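To start, the structure itself, in structure tokens.
The values are calculated or read from the model by the stated rules, or taken from the named source; none is laboratory data. If you're wondering where the values come from, they're calculated on a predicted model, not measured in any experiment. Note: ideal-geometry Cβ built from the backbone for every residue, glycine included; neighbour counts use all protein chains shown. Quick note on the areas: whole protein, heavy atoms, side chains included, nothing else; ligands and nucleic acids left out. Shrake-Rupley method; radii C 1.70, N 1.55, O 1.52, S 1.80 Å.
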Amino acid sequence: LPVDMVELTRHAARQLYAPRRLAVGTAGVSQIGVQSRPIAGLLRGANVEAVPVGQWRSANLYVTAVRITNLSRYALEVPLEQVRGRWIAATAQHGRIGPTGTDTDTTAIYLVCERSFESCL
């Protein structure tokens with residue numbers, strides 16, 4: 001049974017952030033491969049490194065988790081409206097990330113599309 005984009009995003013977040021014992025599978029969701037190489041300019045105007053770290057699929061929906069690391073010495077509001085690509089939804093794990101080199105300089109964003117990550121960029 002396919003899941004909706006909210007449940008698909010929740011599944012991806014659990015896979016990244018939940019303790020292993022809680023990061024269980026979701027019926028109807030399967031992990032698919034994604035190239036883990038930095039995507040230049042994924043967040044327009046933001047000095048960040050963006051690296052896909054996982055992709056999952058349910059029926060015709062895909063969600064990709066992208067690790068966002070702030071490269072600036074200033075804190076940053078994660079600019080979801082500046083994400084390059086054709087996404088149905090974009091969700092940030094944390095809405096604000098700290099300056100580079102701090103414990104809070106990294107978060108994840110979850111991008112939902114009707115095709116694979118590379119096809120939606």
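Some notes on this structure:
- Residue 121 accessible area, assembled protein chains, probe 1.4 Å, Å²: 50
- Accessible surface for the chain, divided over its residues, is 54 Å² per residue with a 1.4 Å probe.
- DSSP-loop GluC sites (Glu not before Pro) across segment 67-121, with at most 14 other Cβ within 10 angstrom: 114
- Net length gained if the chain between residue 116 and residue 60 were fully extended (0.36 nm per residue, minus Cα distance): 19.2 nm
- About the centre of its Cα atoms, the chain shows a dipole size close to 200 debye [charges on the beta carbon of Lys, Arg (+1) and Asp, Glu (-1) only; nearest 20 debye].
- Normalised per residue, the volume of the convex hull around the Cα set of the chain (Å³): 94
- Relative contact order of the chain: 24 percent, from C-alpha pairs under 8 Å at least 6 residues apart in sequence.
- Label reach from residue 4 (point 7 Å along Cα→C-beta): in segment 96-119, amide nitrogens under 20 Å belong to 110-115.
- Loop-located chymotrypsin sites (Phe, Trp or Tyr not before Pro) in segment 9-106 whose Cβ has at most 11 other Cβ within 10 Å (DSSP): 74
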